[in-house]
Amino acid sequence: MVGKFIGVGVGPGDPELITIKAAKTLKIVDIIAVPKTHADAPSMALNLVKYILKERLKPAEILELIFPMSKDEVEVKKLWAENALLIAEKVESGKTVAFITVGDPMFYSTFIYLFQTLREKHPKVKVEIIPGVTSLTACAAKAQIPIAEKEEVLVVIPSDLDLKLIEETVGHADTLVFMKCAHRFKAIIPILQKIGYSENATVAVVRRCGMPGEAVAVGRLADVQRWVLPEDYFSMAIVKREKAPINRG
Ligand SMILES: C[S@@+](CC[C@H](N)C(=O)[O-])C[C@H]1O[C@@H](n2cnc3c(N)ncnc32)[C@H](O)[C@@H]1O
């Protein structure tokens, strides 16, 4: 194989939701790049593909890449550049490097930073992207809530977004998906009520979808304040309006 950098989506948590293409690729690449927030952090993505790596004829080199959760843009950009350089050097020496990421690589993934940095600083590096099943669709399937049909508008919100911005954004949507820190979701309920989500709007909170410790709660907006929502990074809330917003045809 000629050197290449491959972003591989490994699905949302159920090892059976890894695509055939992802599994085939992980069995033949030279290097598996694993994103981590710090050196001792466990990697969910690596955990998900362990059974595939066991089937390899020759073990892959595992390359841990640290992407700290820091708000210091300068420090973070420096680390992306270092990680991108590392990848570029490996690819230029003829190696195939698969960067594994939970869900899909192009949907709120660390892969995006690396991809953009490579594009900017090492444009000659050949890149391929293998999509994965996103947590968005996996959680909707688990909760059995259609995300969007006919002319419905779907809005995806990272829950750490400013509350004012959330209020401005969600007015025209039929379905809302809150990613990252769904435990903060209760603070958002008054905003939803203010902009016209009725107490009968359907709500699902899905935690660790397809993973050990999975929990699914489905009910009405009016029920949510009574729910216990433990702090868990791997959680998502879906809200579906009872009726279309009045200002839409
Ligand atoms: C950085 S984003 C990664 C999204 C991922 N690239 C995807 O395509 O689903 C992390 C967020 O995805 C959601 N998430 C990922 N896996 C999940 C799972 N198995 N169950 C529930 N939510 C999940 C959570 O909201 C989590 O905070």
Problem - Close pairs from region 61-82: first farther than 21 Å from PRO42 by Cα, partner open to solvent by 50 Å² or more (accessible area, probe 1.4 Å) and of a type in the set (Lys, Arg), Cβ under 8 Å, at least 6 apart - result: ALA81/LYS121
Problem - Any chance LYS150 is over 25 Å from GLY9 (Cα atoms) and either more than 15 Å from the ligand (Cβ to nearest atom) or modelled with pLDDT of 95 or more (or both) - result: yes
Exercise for the section: Name the one entry in ARG208, ARG220 that is modelled with pLDDT of 95 or more, within 21 Å of the chain's Cα centre (by Cα) and not assigned by TED's automatic domain parsing to the domain that holds GLY103. Expected result: ARG208
Problem - Residue satisfying condition, being over 23 Å from PRO212 (Cα atoms) and touching a Leu at 6+ places or on another chain (Cβ under 7 Å), within set ALA39, ALA33, ALA81 - result: ALA33
Practice task
For VAL91, indicate whether it is surrounded by 17 or more Cβ atoms within 10 Å (Cβ to Cβ) and more than 13 Å from the ligand (Cβ to nearest atom).
Solution key: yes
Problem - Matching helices (runs of 4 or more DSSP H) fully within region 69-178 where at least 3 residues are within 20 Å of the chain's Cα centre (by Cα) and of a type outside the set (A, V, I, L, M, F, W, C) - result: 110-121, 135-143
Practice task
Select from region 204-243 the residues that are farther than 17 Å from GLN193 by Cβ, polar (S, T, N, Q) and out of contact with any strand residue (DSSP E or B) (no Cβ under 8 Å at 6 or more places or on another chain) and list them in ascending order.
Solution key: none
Exercise for the section: Give the residues of region 1-23 that are assigned to a loop (DSSP other than H, G, I, E, B) and crowded, with 21+ Cβ neighbours inside 10 Å, sorted by residue number. Expected result: VAL10, PRO12, GLY13, ILE18
Practice task
Any residue in region 101-124 that's in the same structural domain as LYS180 (by TED's automatic domain parsing) and on the phi > 0 side of the Ramachandran plot: show its pairings with residues that are in a helix (DSSP H, G or I) and not acidic (Asp, Glu) at Cβ separation under 7 Å, as long as the two are six or more apart or on different chains.
Solution key: none
Practice task
For region 188-201, name all the residues that are surrounded by fewer than 21 Cβ atoms within 10 Å (Cβ to Cβ) and either at positive phi or within 16 Å of the ligand (Cβ to nearest atom) (or both).
Solution key: GLY196
Practice task
Only residues that are more than 16 Å from the ligand (Cβ to nearest atom) and at pLDDT 95 or above: list them for region 22-41, please.
Solution key: ALA23, LYS24, THR25, LEU26, LYS27, ILE28, VAL29, ASP30, ILE31, ILE32
Practice task
Could you check, for region 52-69, whether at least one of its residues is under 24 Å from CYS139 (Cβ atoms), open to solvent by 40 Å² or more (accessible area, probe 1.4 Å) and of a type in the set (A, V, I, L, M)?
Solution key: yes
Completion exercise
Pairing a residue in region 35-50 that is within 19 Å of ALA98 (Cβ to Cβ) with any residue that is surrounded by fewer than 18 Cβ atoms within 10 Å (Cβ to Cβ) and of a type in the set (Asp, Glu), where Cβ atoms lie under 8 Å and the two sit 6 or more apart in sequence or on different chains, gives LYS36/GLU64; SER43/GLU64
Handout entry: Criterion: open to solvent by less than 60 Å² (accessible area, probe 1.4 Å), under 27 Å from GLU75 (Cα atoms) and touching a Cys at 6+ places or on another chain (Cβ under 8 Å) - qualifying residue of SER159, SER135
Key = SER159
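The values are calculated or read from the model by the stated rules, or taken from the named source; none is laboratory data. Quick caveat, the model's predicted, so the values are computed rather than measured. Glycine also receives a Cβ, built like all others from the backbone with ideal geometry; neighbour counts cover every protein chain displayed. Accessible surface is based on the protein model in full, side chains and every heavy atom, while ligands, DNA and RNA are left aside. Shrake-Rupley method; radii C 1.70, N 1.55, O 1.52, S 1.80 Å.
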